[in-house]
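The block underneath contains the structure these notes are about, expressed in structure tokens.
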Amino acid sequence: DGFSACELFGKGYSYTYDDVILHPGHIYFGAHEVSLATRVTRNIELQIPIVSSPMDTVTEAEMAVAMSSTARGFTSACVTDTGALGGRLLGMVTTRDVDFVNDRHTPLSEVMTRDLVTAPEGTDRAGAMALLLESKKGKLPLVNADGELVALATRAHFKAMRGLPPQGAPALSPDGRPRVGAAVGTREDDKARVAKLYDEGGVDAVILDSSQGDSTFQLCMLSHIKRAHPELEVICGNVVTGAQARRLIEAGADGLRVGMGSGSICTTQEVCAVGRGQATAVYHVSRVAREYGVPIIADGGIQNSGHITKALALGASVVMCGSMFAGTAEAPGEYFTYQGQRVKKYRGMGSLEAMSKGSDTRYHSDTQALKIAQGVSGVVKDKGSVRRTVPFLCQAVRQGFQDLGGKDMADVRRLLVEGSLRMETRSAAAQAEGGVHDMLAYEKKPW
Ligand code: XMP
């Protein structure tokens with residue numbers, strides 16, 4: 001019944017996520033047991049398979065911090081005199097304390113809450129939870145007789161005891177820092193940027209940001225980085241074919257970004273006639289990348305949680321989202337009103353507007369006098385906070401995995417490779433049937 005991915009994607013058609021529907025498998029576990037832990041490069045693990053696009057209307061510091069702390073599942077920090085566990089507890093800072101402080105310079109001591117409910121060292125789990133319930137606080141620091149912080153009990157632990165989904169742990173480097181990645185170009189002056197990012201910024205990975213990554217420029221930059229900073233992980237791309245993937249992996253790529261013209265703001269396929277349907281691209285690149293143990297990032301075209309599950313089921317280890325996170329509170333730029341709706345700007349890095357600010361190298365057009373746009377500039381609706389969106393997306397993907405009968409990435413990969421993940425394409429009518437229909441009005445999902 002149905003087809004294996006190998007059969008379906010070997011027929012010469014370019015399919016995107018909506019064209020394909022996955023068959024359910026056998027459920028033998030709860031959705032809360034599904035792990036979404038994954039790898040974004042050969043050596044960097046993430047607890048959730050979602051990253052935000054390196055675009056100037058999507059990711060700046062605020063988005064990076066929010067994505068990192070969304071994965072952490074906590075929104076507050078204890079302040080101690082040593083700045084670490086074991087120091088004397090001075091106060092606590094929560095998002096409520098910093099939401100209205102729009103700078104990065106105000107000392108924590110000015111905004112932190114000093115009047116805390118604490119519990120003595122040795123308080124057991126049940127006792128701590130009883131105190132949390134009674135005080136209606138989210139966090140309960142445990143302190144010793146000298147007022148030093150020894151542990152922290154949280155409402156999240158309490159929720160986990162009630163079977164609500166865990167949020168996942170942060171992606172941390174061995175010395176305890178949140179993992180950081182940065183996108184760079186492949187020009188001569190990008191070498192100095194990489195050195196600075198590595199030496200001063202402590203980045204763990206760089207993305208060589210190009211719409212067509214199978215180029216001499218990218219191979220040269222890759223070999224330069226591998227020589228100059230051997231510990232830095234390098235994500236190459238974008239690619240959509242197995243041949244492109246093989247060339248970059250054999251040159252040393254630690255991860256690949258997949259997608260050409262599938263993004264919501266992209267016009268590459270129309271303007272340049274090249275690209276590939278995203279589901280087909282993800283499947284074919286993942287087949288090659290898997291031979292080398294290199295993870296791939298499905299970049300662009302993600303419109304809902306089902307697309308994420310499809311991308312992961314077809315071999316991606318991570319999805320990268322632009323439009324999903326554009327228009328959120330954490331995306332750069334201010335909200336404004338457009339045709340009565342609260343909106344933020346979202347633009348392609350290949351739009352003339354963005355290229356005039358330096359992204360033309362991404363499209364190999366920095367040396368050309370006449371710039372050809374490969375993307376558009378526009379607006380998207382206010383989408384609230386990623387702190388709300390990401391947990392919803394993750395839980396929906398867990399439920400998708402459960403329906404497929406895969407408990408984690410490896411399990412879903414096994415189904416794909418052995419051909420027991422069955423699927424088929426959907427006619428236009430089947431796609432319409434798969435969405436909401438015959439409703440006069442209904443409440444749309446918030447993300
Ligand atoms: P979504 O669909 O998530 O796509 O909005 C985001 C991804 O699209 C790519 N990107 C572009 N592709 N012209 C293109 O052809 C552009 O102007 C452009 N800007 C971004 C990029 O890979 C991003 O992550």
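The values are calculated or read from the model by the stated rules, or taken from the named source; none is laboratory data. Please read these numbers as outputs of a predicted model, since none were measured by experiment. Cβ sites come from the backbone with ideal geometry, for glycine too, and all protein chains shown count toward neighbours. Protein only, heavy atoms only, side chains kept; ligands, DNA and RNA dropped before computing areas. Shrake-Rupley method; radii C 1.70, N 1.55, O 1.52, S 1.80 Å.
Residues that are at pLDDT 95 or above, farther than 15 Å from THR186 by Cβ, more than 16 Å from the ligand (Cβ to nearest atom) and within 18 Å of the chain's Cα centre (by Cα) do not occur anywhere in segment 270-279.
Could you check segment 266-292 and list, in sequence order, the residues that are open to solvent by less than 20 Å² (accessible area, probe 1.4 Å) and in contact with a Ser or Thr (Cβ under 8 Å, 6 or more places away or on another chain)? Working first, answer last.
So in segment 266-292, the residues open to solvent by less than 20 Å² (accessible area, probe 1.4 Å) come out as 268, 277-283, 285-286, 288-289.
Matches in segment 266-292: THR268, GLY277, GLN278, ALA279, THR280, ALA281, VAL285.
Listed here are the residues, each with its yes/no results for (1) touching a Ser or Thr at 6+ places or on another chain (Cβ under 9 Å); (2) assigned to a strand (DSSP E or B); (3) free of Cβ contacts under 8 Å to residues at least 12 places away in the same chain.
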residue	(1), (2), (3)
PHE29	no, no, no
ARG42	no, no, no
MET63	yes, no, no
THR82	no, no, yes
LEU90	yes, yes, no
VAL93	yes, yes, no
VAL101	no, no, yes
VAL117	yes, no, no
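If the condition is being within 14 Å of the ligand (Cβ to nearest atom) and not in a loop (DSSP other than H, G, I, E, B), then segment 286-302 contributes ILE296, ILE297, ALA298, ASP299.
Per-residue answers, yes or no, for (1) under 30 Å from GLN269 (Cβ atoms); (2) touching a helix residue (DSSP H, G or I) at 6+ places or on another chain (Cβ under 8 Å); (3) in contact (Cβ under 8 Å) with a residue 24 or more places away in the chain; (4) of a type outside the set (Val, Ile, Thr):
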residue	(1), (2), (3), (4)
PHE9	yes, yes, yes, yes
THR16	yes, yes, yes, no
ALA37	no, yes, yes, yes
ALA71	no, yes, yes, yes
CYS78	no, no, yes, yes
LEU85	no, no, yes, yes
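For segment 235-258, the count of residues that are of a type outside the set (Ser, Thr, Tyr), surrounded by fewer than 19 Cβ atoms within 10 Å (Cβ to Cβ), in contact (Cβ under 8 Å) with a residue 24 or more places away in the chain and within 16 Å of the ligand (Cβ to nearest atom) is zero. A Cβ distance below 7 Å, combined with a sequence gap of six or more or placement on separate chains, defines the contacts here; from segment 127-141, residues that are of a type in the set (Lys, Arg) reach residues that are crowded, with 16+ Cβ neighbours inside 10 Å in the pairs LYS139/SER76; LYS139/MET92; LYS139/LEU152; LYS139/THR154.
May I ask you to list the residues in segment 350-371 that are within 11 Å of the ligand (Cβ to nearest atom) and touching a residue at least 60 places away in the same chain (Cβ under 8 Å)? Scanning segment 350-371 gives GLY350, SER351, ALA354, SER359, ARG362, TYR363. The numbered conditions (1) assigned to a loop (DSSP other than H, G, I, E, B); (2) within 21 Å of GLY358 (Cβ to Cβ) are all true for ARG257 except (1). Taking into account only those residues within segment 1-25 that are of a type in the set (Asp, Glu) and open to solvent by 60 Å² or more (accessible area, probe 1.4 Å), which is modelled with the lowest pLDDT? Filtering segment 1-25 for residues that are of a type in the set (Asp, Glu) and open to solvent by 60 Å² or more (accessible area, probe 1.4 Å), the one modelled with the lowest pLDDT comes out as ASP1. Is there a residue being within 11 Å of the ligand (Cβ to nearest atom) and farther than 22 Å from GLY213 by Cα anywhere in segment 331-349? Yes, segment 331-349 has at least one match. Scanning segment 350-372 for residues that are in a loop (DSSP other than H, G, I, E, B), of a type outside the set (D, E, K, R) and open to solvent by 30 Å² or more (accessible area, probe 1.4 Å) yields SER356, GLY358, HIS364, THR367, GLN368, ALA369, LEU370, ILE372.
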